[in-house]
1. Kindly indicate whether Ser333 is part of a helix (DSSP H, G or I), among the small types (Gly, Ala, Ser) and modelled with pLDDT of 80 or more.
2. Output the qualifying pairs, or none if there are none: Cβ atoms under 9 angstrom, residues six or more apart or on different chains, first residue in the range 77-91 and in a helix (DSSP H, G or I), second residue small (Gly, Ala, Ser) and surrounded by 15 or more Cβ atoms within 10 Å (Cβ to Cβ).
3. Tell me, which residue of the range 125-141 that is among the polar types (S, T, N, Q) and assigned to a helix (DSSP H, G or I) is modelled with the lowest pLDDT?
4. Condition (residue is surrounded by 15 or more Cβ atoms within 10 Å (Cβ to Cβ), under 27 Å from the mean Cα position of the chain (by Cα) and at positive phi) applied to the range 200-210: is it met by at least one residue?
5. Which of the residues spanning the range 219-277 are part of a helix (DSSP H, G or I), crowded, with 17+ Cβ neighbours inside 10 Å and of a type in the set (S, T, N, Q)?
6. Which one is nearest to Lys151 (Cα to Cα), of the residues in the range 278-295 that are among the hydroxyl-bearing types (Ser, Thr, Tyr) and assigned to a helix (DSSP H, G or I)?
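The values are calculated or read from the model by the stated rules, or taken from the named source; none is laboratory data. Just so it is clear, the structure is predicted and the values come from calculations on it, not from any experiment. Every residue, glycine as well, gets a Cβ built from its backbone with ideal geometry; the counts of neighbours run over all protein chains shown.
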Amino acid sequence: MRTALVKVSNVPLDQLDPLVKLWANEVRELSYVIEDSLDSFMVFFQGLEPTKPHTTFVAFINNMRNKITEFKMRHKIANDIKDIESQVTKVKERYDRYKVHGVAANLATTMVDPRLSVMYNKVSNLVGIDKPIDEIMKSLSEGCHMAERSKLKTVSIVGFGGLGKTTLAKAEYDKLNKKFDCVAFVPVGQNPDMKKVLGDIIHELGLQMCNVASVMDVRQLINHLRKFLLNKRYLIVIDDIWDVQTWDLIKYAFPHNNLGSRIMATTCICEVAKKVGGIYNMKPLSDDNSKKLFSTRIFGEEGTSLDNQFVEVSDKILRKCGGVPLSIITIASLLASKQREDWPMVYDSIGFGHEDNEVVQNTRKILSFSYY
């Protein structure tokens, strides 16, 4: 069951079959029952006292009473164990019936990451990004002496989902890439296939070795990358790292060649950011930039002033978004398709409501990545 649960946990929540979700919940509930039963068994057996000689009639009666109680409890424990065995058997039968073992095979071969769209926005269309770009640029170029600036430097952009980590990394990448011999921007995500990630880096760097890479193992791919990058000034962006182990493996592909190479990584996990180093904490948009982004998304690139009667409700909506760009974009896209008289209703709705809207659905997916 443990292996099956690990397999189920590797599938995005919104892509799980309903029956598989039901089975996983049943296993979880059964684990609670087993845990509670074990606790009860331990309490009972630890409370047993060794039988004492019957020195008096009262002692004899007490011992007989204790033995009867012990017999009843042992009988109850035996019944509980039989009941648990029965439940385990039923869960196993449902495992076969629901075809849990094939859960991953039922997924589409290629999952479309809704975050990809943000990577292709023009920098001129992005709001509140100039200062973060300058701050990261400064971090990447720090050093009083040429020797210090020539060392490999890393920057980790960290923050929860929807703050714009990928957008910022892509804007920085686009600004810098012409200054390097070779560049790569590669997404990782949860539960990555490391052979694929390393293969994607090889492809992004322009190495013509697709057929060879497919038969290499992870160690061979890392060695090949190190050899290729050893005498080159490179810029690599590793987007969306979820665990320290992934970084600890992938970092070996990048040699410290003292040619001024740079690595950026994005993550929502603080431990990963600490490992990568050069931490840059993403912050929510300011009130002014939130209003600017909201207005731009509602009225177009030039922006338009709102009528006074709608300023108050729009301010309330923006406070609800908390300066998170993805939330602002989503709400603005939703409001753009509605009459302004309906805006208070949107504000009063809980979360994103039940809107059958592709933008909303993609936003749910992105934000869920931080909590699944």
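1. Values: part of a helix (DSSP H, G or I): yes; among the small types (Gly, Ala, Ser): yes; modelled with pLDDT of 80 or more: no.
Judged against the criteria, Ser333 is not a match.
2. Listed by first residue and then by second, the contacts come to Ile77/Ser37; Asp80/Ser37; Ile81/Ser37; Asp83/Ser37; Ile84/Ser37.
3. Of all residues in the range 125-141, those among the polar types (S, T, N, Q) come to 125, 139, 141.
Cutting the leftovers down to assigned to a helix (DSSP H, G or I) gives us 125, 139.
Numbers: Asn125: 59, Ser139: 85.
Of everything passing the filter in the range 125-141, Asn125 is modelled with the lowest pLDDT.
4. Within the range 200-210, not a single residue is surrounded by 15 or more Cβ atoms within 10 Å (Cβ to Cβ), under 27 Å from the mean Cα position of the chain (by Cα) and at positive phi.
5. Thr246
6. First, the residues of the range 278-295 that are among the hydroxyl-bearing types (Ser, Thr, Tyr): 280, 286, 290, 295.
When the remaining residues are screened for being assigned to a helix (DSSP H, G or I), the result is 290, 295.
Numbers: Ser290: 37, Ser295: 43 Å.
Per the stated criteria, the residue is Ser290.
Here is a yes/no grid of residues against (1) of a type in the set (Phe, Trp, Tyr); (2) assigned by TED's automatic domain parsing to the domain that holds Lys138:
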| position | (1), (2) |
| --- | --- |
| Val244 | no, yes |
| Leu249 | no, yes |
| Phe254 | yes, yes |
| Gly260 | no, yes |
| Met264 | no, yes |
| Ile269 | no, yes |
| Gly277 | no, yes |
| Lys291 | no, no |
| Arg297 | no, no |
